[in-house]
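These notes are about the structure you will find just below.
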Amino acid sequence: MRGTIIMWSGDKGVVAASGQRYDFDINHWQGTTAPAANMTVEVATSDGKLTALTPVDEADLAKEKLAAITGEGSKYARAIFENVGKDVAIAYGVFLILALVVSLISAGGFDDDSITLADLLSGKLARAALGGGSGKGTLLVLVATATMAVPYLWKHRFAPCAFAAPLLFTIIGFWPLYKQHRAQQEAIEAMGDFGQMMGQMAEQMVGASGPFDSLGVGAYLLFATVTYLAFKGVMRFLARS
């Protein structure tokens, strides 16, 4: 059984294991290094008496702790998936992939850049692909994905409303892009017929007048996914009301 040395002085000490304390001396020690307080050991007993102490390798302890953490994580993950349902769990997974990997702007439409939702949330627009998505955008996407666990952790009728978080983060990401698009349209309208002509020429040259006109399939899949999650959240909230 496992135990912890709680005291060592000279050639004698005390070890605690399974709620019991055992006195030991250097003759019980089976390690190559000296005993020390707080050291984890393997305790051997016979007829209720301590017979040997063997130190547990730190590498083995680290592996055991990692296995325990992984096991606990898997347990909570299964519980969360069962709580939200297979459809919502899959939708969150699709959102995560679309937000971090899939380009939302169609190729050739706007400088051939690959722009993900993580890029947009990082505050990058047309040149997002040059530097890649920053940690800020990725973190926000992960936060939005983590809201899947809210109904499991917070037993409240408003908890399912957290499923609208991916939609909110998507709107936040696209809002600067929308403002840029509107500014371009207003500038063209202010220029009258000449502006309309220049706008048409730009569309013929690059296939779109701006990034908001160049949304690819990934963007529409993202919109559909986050809208579905928000819808499921609202329906579950209404069902609890």
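A short reminder: the numbers here are calculations on the coordinates, not readings from a lab. Small disclaimer: the values here were computed from a predicted structure and weren't measured. Glycine also receives a Cβ, built like all others from the backbone with ideal geometry; neighbour counts cover every protein chain displayed.
In this rough spin-label picture, where each label sits 7 Å from Cα along the Cβ direction, the VAL14-TRP175 distance is 6.1 nm. Going by a ≥ b ≥ c, the root eigenvalues of the Cα gyration tensor, does segment 2-56 fall in the rounded group (a/c under 1.5), the prolate group (a/b larger than b/c) or the oblate group? Note, shape of segment 2-56 comes out rounded.
Here LYS63 is the anchor, and the lysines within straight C-alpha reach of less than 19 Å, apart from those fewer than 8 places off in the same chain, are LYS75.
Straight-line cross-link reach from LYS49 at under 28 Å between alpha-carbon atoms covers these lysines, not counting any fewer than eight positions away in the same chain: LYS12. Straight-line cross-link partners of LYS179 among the lysines, defined as a Cα under 25 Å from its Cα and at least 8 positions apart when in the same chain: LYS124, LYS136.
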